[in-house]
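To keep things clear, I will list the structure first and then write my remarks on it.
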Amino acid sequence: MFALASVGASSALAADGESIIRDRCLGCHVETGESATPFSRISEQRKTPEGWLMAISRMQQQRGLVITPEEKRTLVKYLADTQGLAPAETRELRYVLEKQPNVTESFEPWLQDTCVRCHSGARIGLQRRTEEDWKWLVHFHMGQQPTAELHAGARDRAWFDIALNQVAPKLGQVYGLNTQEWSDWQAADKQSLSGRWVMSGYLPEKGQFDATVHISELGNDKYSVTMDGQYADGTPLTGKGSGIVYTSYDWRGAVTINGVKMRQVLAASEDGQSLNGRMFKRDDDVLGGQVTAIKGAGITAVSPSYIRQGERKLLTISGNKLNGSVHLGAGVKVVSVVSRDDNRVVVVAEASQRAESGHREVRVGKLSSEMPLAVYDQLARVDITPSDSIARVGGGGGALAKQKSWYRAVGYAAGADGKPGTEDDIRLGYMPASWSLKPFDEIAEHDGDIKYAGTIDDRGIFTPGDAGPNPERKMSTNNVGNLTVTGTVHDGNQVVSGDSHLLVTVQKFVRALID
Amino acid sequence: MKKITDITLSKLTHSIRTLALGGLLGAGALLSGCAVTQQSADALPNGMKAGGHEYLLTVTRPNQLHVIDTETDQLLRSCDVPGTFGNGGIAISPDGRTAYVLSNKWEDIYGFDITNCEITFSAKQSSGNVQIKSFISMAVSADGKELYTVQNPVRKHSDRFETMEPRLAVFNTADGMNAQPVRTFPVDRRITKIAAMHNGEVVLGGGDLKAINPKNGETRLITALQNWDRAPDKWVPPDAFAMHTMGEHVGEFIMPYFTIRWNGEPGDESKADFLWGHVRIDLKTAEVEMIEKVPFEFIVFNWVTDPNDKDVVYGSFNQLSKHNVKTGETLGVHGLDHTYYNINMTTDGNKLYVGGAGNTISVHNPATLERTGYLRMSGDMSTSDLRLAVLK
């Protein structure tokens, strides 16, 4: 415990964390006398920072815990550091921490049927407990949410018995308290995140950006952050804020970018050389996107990521320490270098008419890009991401804001077989599109959903209608709707559209830190 | 392969129907409805009428019990219910005078004299560190002397909850305020709808339908639902929403459920029948009917039986609909102005009421389903019961 704390947090923090547990928690929790699990319930669980924050907040709101905000912050940090999840344990489930919208999960039926009918599967998968504690969690549900066993999907089976006697033991095996991943991570060397980074990413309102990020450690795993960069349209990006690292890799940043408060949920790689995750608006977490940052030399983005046979266009390569000549692969030549510095090279590229369709590796000096450049004959297919989405009415005098949704078009060439929609399609990447809405089905058409449910702008951002009963609508229903989002890409002589399904529904009245 | 025919365990004969109806209304009541001519000599306070006059009861947020005269469709009085709104559950004494309301988030019970709002009975089910919730499940014995609830206890230890075995709790209604259970008996989990039969047993509507003798706790199976004996490759075990207790206007317990009959391969929805089924128990004779005929084309929370033709039921949600449960035929559909969770009707079958999910009660003609009246309530009925008190 102290070995870990000494890497990032000070041992004083660890001592503080334990003394806070003793002072604030032992009115109800008891000392077990077991050195491995000294405090009842508390020591039998491991969680993410958000998971611990939720637990402590519930204790405050519902169990009479009295704790100062400073003590609470210290305790979350202490518990996440000493009873957190290893990088390998969060890797596949970070979307829920990152607040990614419209993620479609897939879990095995035993977990799906029992837990995921109400929670995200990630909420369960981001906890580790002893089998006994998983069982207490089942008991907890009967006290906290007594009707849980009467819901659809529960009332048609012996839900409590299944959860207690079949699912909890399985959770104890799959998501048990003690794991190799956690032991390994506790033993691993930890890296400070201080230094100069370069970050690339996409924000739905602004588009692609890249920036230099300076991160400076202030002590106790707290950092200051500055960001300096630009969006693809040349608009400057400047930001300033702070960050905190939990469990020696899990970055939570709060940065104000061009006056807008943003949040960063990023995971540092185990070697401390990259940060990956999502950055989003604090007040509208749907509006955010994936970002990646690197400390060493590397290419973080190639934009656009496609060039048509015979086409001449500007390409921007973003990254760190971009030295040396630019190579775009067979059949694609660099006509001229428009501008370049350490972090950004803009070139005029040209693909020959005879360049073979397919992906090319982009290289700058000795660096190569993980993201390829696609050479293609013609645009054949457009997919819209996400393919299924939800937006929620809001505002209209109500307490909850609208939950928007946003879309991007991904282009494909048909590949060698000439048929779009087959395995050999060549992914071109994100392409600019124009956006429109239509009723998803006859019922939506009949009910006039298109008139009420909301609008989509030229950036592909859908804004739903106002909340509350609408007397104009059948049964005074809310401005809900069942819509198709169509993105249309004009590329060369091709005009290709793709569709996506959008359900505009009512507000989410219960919002959890981890849904 | 097991037997997969539609089963009707028994059929209510016309004579039994008549008996059941007579039993519910009591001697001297008229089958013709509101019994305005039956004003008894012992006049009740506040302009209420006995002799079989019928009152519709419901609960609205923040927490009030309302008494509506079904003759005039006017709100007569509103009684403040102590505690936080529960689910709006109501059980009515056989003489129609006492309404037991489940309050305080499904924990406490208050018995009201509906003629004057006086609280004549109360029971706080939770005590010490044991939290007790009752999900809808309240019933009054046929003689009015006992109140039954199904209790779902959880012991709240200092650092954990411990789920305990559910039980039937028996209260003496004469115990008045702060009553304690006089007997408890273990029962299954997930029991919601319960009803007292004339033979003294209590119907337990859970995963399967059982009956318990509240004198000694002896339990028998009435009919299996979740554990029914049908081939799994032919039938999907039933899913019963089992919300709201009703059937008092004809003296029955009725529980609709949803099932699927696979006519082809299991899972082949193109060849499947999606069906509403129901179990209907005559509370006087304990006879049971179980049948699946009505196509699952309407969302309803409950069926209410037409007193004049028990093959006919009505359901409500976004539409008011009328069905023949024996043939599966849809007899009528009427669009509603908003969702109505709940439905009930008068004993003469002349008026249908839909309520819940809002602050309006809509009155309809059972023959045409057309609206004939509309009541605006002071608050949201939410999930509340809509029950008929026939005042003796």
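The values are calculated or read from the model by the stated rules, or taken from the named source; none is laboratory data. The model shown is predicted, which means the values in this text are computed figures rather than measured ones. Heads up, the Cβs are rebuilt from the backbone with ideal geometry, glycines too, and the neighbour counts pull from every protein chain shown.
Before moving on, here are some points about what is shown:
- Residue check for A:Gly465: at positive phi and either more than 30 Å from the chain's Cα centre (by Cα) or touching a residue at least 60 places away in the same chain (Cβ under 8 Å) (or both): no
- Count - residues of the stretch A:190-215 that are part of a strand (DSSP E or B) and either crowded, with 19+ Cβ neighbours inside 10 Å or at negative phi (or both): 16
- Flag if A:Ala232 is more than 30 Å from A:Lys508 (Cα to Cα), under 18 Å from the mean Cα position of the chain (by Cα) and not hydroxyl-bearing (Ser, Thr, Tyr): no
- Scanning the stretch A:176-189 for residues being surrounded by fewer than 20 Cβ atoms within 10 Å (Cβ to Cβ) and either among the hydroxyl-bearing types (Ser, Thr, Tyr) or not in a helix (DSSP H, G or I) (or both) gives a total of 6.
- If you go through the stretch B:213-247 and pick out every residue that is within 26 Å of B:Phe301 (Cα to Cα) and in a loop (DSSP other than H, G, I, E, B), you end up with 20.
- Annotation note: Cβ proximity below 6 Å between a residue of the stretch B:304-325 that is under 18 Å from B:His244 (Cα atoms) and part of a strand (DSSP E or B) and a residue that is among the basic types (Lys, Arg) and modelled with pLDDT of 95 or more (sequence gap 6+ or interchain) occurs for B:Tyr314/B:Lys322.
- The number of residues in the stretch B:78-105 being at pLDDT 95 or above and in a strand (DSSP E or B) comes to 15.
- Positions within the stretch B:149-179 being surrounded by fewer than 19 Cβ atoms within 10 Å (Cβ to Cβ), part of a strand (DSSP E or B), within 7 Å of chain A (Cβ to nearest Cβ) and out of contact with any Gly (no Cβ under 7 Å at 6 or more places or on another chain), in sequence order: B:Glu162
- B:Asn87 vs. criteria in contact (Cβ under 8 Å) with a residue 60 or more places away in the chain and either within 14 Å of chain A (Cβ to nearest Cβ) or surrounded by fewer than 21 Cβ atoms within 10 Å (Cβ to Cβ) (or both): yes
- Counting only residues that are within 14 Å of chain A (Cβ to nearest Cβ) and free of Cβ contacts under 8 Å to residues at least 60 places away in the same chain, the stretch B:243-266 holds 5 of them.
- Taken over the stretch B:199-215, the residue count meeting the criterion of being at pLDDT 95 or above, of a type outside the set (Asp, Glu) and farther than 13 Å from B:Thr245 by Cβ is 9.
- Candidate set: the stretch A:89-146, residues that are aliphatic (A, V, I, L, M) and more than 24 Å from the chain's Cα centre (by Cα); chosen: the one nearest to the other protein chains (Cβ to nearest Cβ): A:Met142
- Residues satisfying the stated conditions in the stretch A:32-61, i.e. within 11 Å of another protein chain (Cβ to nearest Cβ) and not small (Gly, Ala, Ser): A:Thr32, A:Phe39, A:Arg41, A:Ile42, A:Glu44, A:Met59
- Qualifying residue in the stretch A:289-301 (condition: modelled with pLDDT under 95, aliphatic (A, V, I, L, M) and under 25 Å from the mean Cα position of the chain (by Cα)): yes
- Within the stretch B:349-392, strands (runs of 3 or more DSSP E) holding 2 or more residues that are on the phi < 0 side of the Ramachandran plot and aliphatic (A, V, I, L, M): B:352-355, B:360-364, B:386-391
- Complete set of residues in the stretch A:453-474 that are more than 18 Å from B:His338 (Cα to Cα) and surrounded by 15 or more Cβ atoms within 10 Å (Cβ to Cβ): A:Ala453, A:Gly454, A:Ile456, A:Arg459, A:Gly460, A:Ile461, A:Phe462, A:Thr463, A:Pro464, A:Gly465, A:Asp466
Every residue, every condition in (1) touching a Leu at 6+ places or on another chain (Cβ under 8 Å); (2) in a loop (DSSP other than H, G, I, E, B); (3) at negative phi, yes or no:
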| site | (1), (2), (3) |
| --- | --- |
| A:Glu370 | no, yes, yes |
| A:Gly396 | no, yes, no |
| A:Leu400 | no, yes, yes |
| A:Gly411 | yes, no, yes |
| A:Gly418 | no, yes, no |
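- Checked against (1) touching a Ser or Thr at 6+ places or on another chain (Cβ under 6 Å); (2) within 13 Å of another protein chain (Cβ to nearest Cβ); (3) surrounded by 21 or more Cβ atoms within 10 Å (Cβ to Cβ), B:Gly206 passes all but condition (1).
- A:Ala152 vs. criteria within 14 Å of another protein chain (Cβ to nearest Cβ), assigned to a loop (DSSP other than H, G, I, E, B), touching a Lys or Arg at 6+ places or on another chain (Cβ under 9 Å) and not polar (S, T, N, Q): yes
- When the criteria are applied in full, A:Thr104 meets the requirement of being in the same structural domain as A:Pro169 (by TED's automatic domain parsing), surrounded by fewer than 16 Cβ atoms within 10 Å (Cβ to Cβ) and in contact with a strand residue (DSSP E or B) (Cβ under 7 Å, 6 or more places away or on another chain).
- Residues of the stretch A:442-462 that turn out to be touching a residue at least 24 places away in the same chain (Cβ under 8 Å) and among the acidic types (Asp, Glu), as a count: 3
- Members of the stretch A:103-141 that are within 29 Å of A:Val286 (Cβ to Cβ), hydrophobic (A, V, I, L, M, F, W, C) and part of a helix (DSSP H, G or I): A:Leu111, A:Cys115, A:Val116, A:Ala122, A:Ile124
- Residue count for the stretch B:328-379, restricted to those that are more than 14 Å from chain A (Cβ to nearest Cβ) and closer than 17 Å to B:Glu54 by Cβ: 21
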